[in-house]
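The values are calculated or read from the model by the stated rules, or taken from the named source; none is laboratory data. Everything numeric in this text was worked out from a predicted model, so none of it was measured. Cβ placement follows ideal geometry from the backbone for every residue including glycine, while neighbour counts extend to all protein chains displayed.
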Amino acid sequence: MAEIIALCGKICCGKTTCARRLCREKRAALLSMDEVMLALFPPYLGDRHEEIAARVRAMLLAKAEELVGVGVNVVLDWGFWSRAGRDDLRAFCRERGIPCQFRYLHIDETTWRERVAARNRAVEAGETAAYLVDANLAAKCAAAFEPPAADETDVVEVCD
């Protein structure tokens, strides 16, 4: 049976790179929050960001269920920053009988800051369509991220 593979990790930790690799290895479809958000909405939504992100997540979950239903593996490149978000996906999958695997991409603080700086240079140079991570966004993301407990992950990858 097809499965959902959910990637958990901070912004700029390498989730998208990992997601692309997993898609090749598992013959999976990639469902990316950033891809949809950046394609359809301006990068700075202010107070509406969470509302719109919730709607995109719901749409992508419906698409994931549809794909798994026809035998296609799915990789969710979302971050899953909170335990509540991870629990919600587990409940969604359990209710539908969908196998779900969580992969946590752990990154140390120094490497993370280097990756944020590298991404920002690429965004500013027009080399990538990604969010610019200024100091305020970096602090907000770091504060919002809840590292998963050992019982929440199936695979841990160390990003270096």
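Assorted remarks:
- Residue match in region 143-155 (condition: at pLDDT below 90 and in a strand (DSSP E or B)): yes
- Note on region 20-49: among residues that are of a type in the set (Asp, Glu) and surrounded by 10 or more Cβ atoms within 10 Å (Cβ to Cβ), the one that is farthest from residue 137 (Cα to Cα) is 25.
Quick grid of which residues meet (1) surrounded by 13 or more Cβ atoms within 10 Å (Cβ to Cβ); (2) not β-branched (Val, Ile, Thr):
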position	(1), (2)
96	yes, yes
113	yes, yes
129	no, yes
133	yes, no
136	no, yes
152	yes, yes
158	no, no
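- Of all residues in region 71-104, those being without any contact (Cβ under 8 Å) to a residue 40 or more places away in the chain and aliphatic (A, V, I, L, M) number 2.
- The selection criterion, being modelled with pLDDT of 95 or more, part of a helix (DSSP H, G or I) and not acidic (Asp, Glu), holds for residue 58.
So that you can scan it fast, the table gives a plain yes or no per residue for (1) among the hydroxyl-bearing types (Ser, Thr, Tyr); (2) within 16 Å of the chain's Cα centre (by Cα); (3) on the phi < 0 side of the Ramachandran plot; (4) modelled with pLDDT under 90:
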site	(1), (2), (3), (4)
50	no, yes, yes, yes
69	no, no, yes, no
75	no, yes, yes, no
89	no, yes, yes, no
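- Scanning region 52-67 for residues that are under 18 Å from residue 1 (Cα atoms), charged (D, E, K, R) and either surrounded by fewer than 15 Cβ atoms within 10 Å (Cβ to Cβ) or under 16 Å from the mean Cα position of the chain (by Cα) (or both) turns up 63, 66.
- Matching entry among 60, 31, 40 (being touching a strand residue (DSSP E or B) at 6+ places or on another chain (Cβ under 6 Å), among the aliphatic types (A, V, I, L, M) and without any contact (Cβ under 8 Å) to a residue 40 or more places away in the chain): 60
- Within region 1-21, the set of residues being farther than 22 Å from residue 108 by Cβ and part of a helix (DSSP H, G or I) comprises 20 only.
- Number of positions in region 109-142 that are of a type in the set (Val, Ile, Thr), in contact (Cβ under 8 Å) with a residue 60 or more places away in the chain and either at positive phi or not in a helix (DSSP H, G or I) (or both): 1
- Some residue of region 93-108 being among the acidic types (Asp, Glu) and under 21 Å from residue 34 (Cβ atoms): no
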